[in-house]
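Quick note: the coordinates plus some simple rules give every number you see, no bench work behind them. Keep in mind it's a predicted model, so treat the numbers as computed, not measured. Counting neighbours? That spans all protein chains shown, and the Cβs are built from the backbone with ideal geometry, glycine included.
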């Protein structure tokens, strides 16, 4: 493209200005303010210092909440790959006229409210829910199983709810793989399992990483699912922020928790992005 | 010595695939079963909520003891607080999607084809609310409004939702713009059209499906949001997802199932409509 003229530059600037102002005022400024407020030692915000962070990391209870949140997000990523990968791969192998139907099945949960999708897990895992009905019908257990409010239930529900965000990037990555590569591998005598492991899987790594990123970030802050499936006993970082800010009115501490969560998610995202750049080199090289 | 006049028949070696039917069979079976399981897991929870919402009983039993529309009647006729929350959420989502579409489309026009470093950085910054824990953003905005002496109102809630919604429109609009052939713009320009005319008659028609898809996703995202609304709505106004969150957390009222069923049906109808109008699924990949 030729270098933009001054008229085009001005047009570009004017088009950009509204979102830039909005973003500066309502996204950048609040995040800076959040960091600023967290750097106060007392709730009344008279004393500056790192006290809130020392308090957070000095207490094993808080560290456990952070670890549980990151573990939940990592577990949800693993599970969503396990369940989502076959769905994405099936999509690319389906005949063209069946693809829209599967795409609809993938998009519908994504666009349905997260509260509704969480609620469906409450119905499935509840005392009279689907799982307990099956368990009772098979005579596996006398009393209904207590499935809600367990760590396993939270991971499964979060993974299922965020799964479309794994499947969509995987589909665009898998669909971009030249089908001749697969044919070549099969013609040259490699079996289907071998072809999948040595050709398809390595080429889909960028899609896997992109999906993992989205699912990790979303799972770490899946407030509704965490609170409703986890119940009152299991506390994750998002609820902890809410509790300290709204119920305890301790803004500096709530701010510090939010900054810790932000920094943890950003650190993971940056690391995965770095891996992604390396894997792209691997694919082309 | 072989007779060189006789034609040499090169027989292709038989392909090795047919000799390994087990490999092919087991791979296809494994993929088929795991993908079917994945699709079932995507769709089943939503279907279960839908079926449960038509129960004639008093509890969230699945399968229901009988079917009726009583909980829908209870929802729409005797639950003004849920209906009010629903109307507020609709109004909020409409405003948020309109405003974010205006802001993000303008920015997309300036950013989409710009390879400069500042443009790429700005683009990632604008996309960041999708990756950041939205509770952190909500808390930061609450602190900002407190600092400005600005009481919470519909306006503060709307600001938060626009910040959350703008990235969706920015992504789909930019993707559509990247597919627009730049030659068309040059043609329009060299034939003497003004930038505004080019925008109206060339760019906008090409971008419209992408923008509409983004606006639709933004609308659904706003309708679904809990994390931002939790901090930014005033005491009198409660949005639907938060209302439902409280109901599910406190009482497991079956009206929550009817409200969920309503949302599921509305989502499916809107999706089919958008697929017809804009080819929704093409823009989501």
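Assorted remarks:
- Pairwise label distance in nanometres, residue A:45 with residue B:120, each label 7 Å out on the Cα-Cβ vector: 3.7
- Partner chain coverage, peptide A:99-110 - average Cβ within 10 angstrom: 6
- Computed E for residue A:274/residue B:113 - FRET, C-beta separation, R0 25 angstrom, nearest 0.05: 0.40
- The shape of chain B comes out oblate: with a ≥ b ≥ c from the C-alpha gyration tensor, a/c is at least 1.5 while a/b does not beat b/c.
- Fewest-first ordering of B:165, B:187, A:173 by other beta carbons within 10 Å of each residue's beta carbon gives B:187, A:173, B:165.
- Sorted by Cβ density within 10 Å, fewest first, the residues A:167, A:260: A:260, A:167
- Taking every Cα-Cα distance in the range A:49-284 and sorting them into 5 Å bins from zero, the calculated P(r) comes out as 1, 6, 11, 14, 15, 14, 12, 10, 8, 5, 2, 1, 0, 0 percent.
- Adding -39500 (n - 2.57) for every DSSP H run of four residues or longer, then dividing by how many residues chain A holds, sets the calculated 222 nm ellipticity at -23500 deg cm²/dmol.
- Nearest-0.05 FRET efficiency for residue A:93 and residue B:277, computed from C-beta distance (R0 41 Å): 0.90
- Taking Cα atoms only, the orientation of helix B:80-111 departs from the longest principal axis of chain B by about 50 degrees.
- Helix B:117-127 axis, angle to chain B major axis (alpha carbon atoms, nearest 10°): 60
- Among A:36, A:189, A:230: highest mean-square fluctuation, GNM of chain A, C-alpha pairs under 10 Å: A:189
- By the count of neighbouring beta-carbon atoms within 10 Å, fewest first, A:234, A:103, A:278 end up ordered A:278, A:234, A:103.
- Nearest-0.05 FRET efficiency for residue B:24 and residue A:149, computed from C-beta distance (R0 30 Å): 0.10
- Shape call, the protein assembly as shown: gyration tensor on alpha carbons, a/c limit 1.5: oblate
- Structure remark: mean-square fluctuation, Gaussian network model of chain A, C-alpha springs under 10 Å; the largest value among A:95, A:238, A:169 belongs to A:95.
- Computed over chain B with a Gaussian network model linking Cα atoms closer than 10 Å, the most mobile of B:104, B:47, B:215 is B:47.
- Take each residue in A:7-19, count the other chain C-beta atoms within 10 Å of its C-beta, and the mean is 5.
- Partner chain coverage, peptide B:60-72 - average Cβ within 10 angstrom: 2
- Shape category assigned to the range A:226-285 from the gyration tensor of Cα positions, a/c cut at 1.5: oblate
- Here the range B:190-259 and the range A:34-94 have alpha carbon centers that stand 26 Å from each other.
- Chain B: angle of helix B:134-147 to the longest principal axis, Cα-based, in degrees nearest 10: 40
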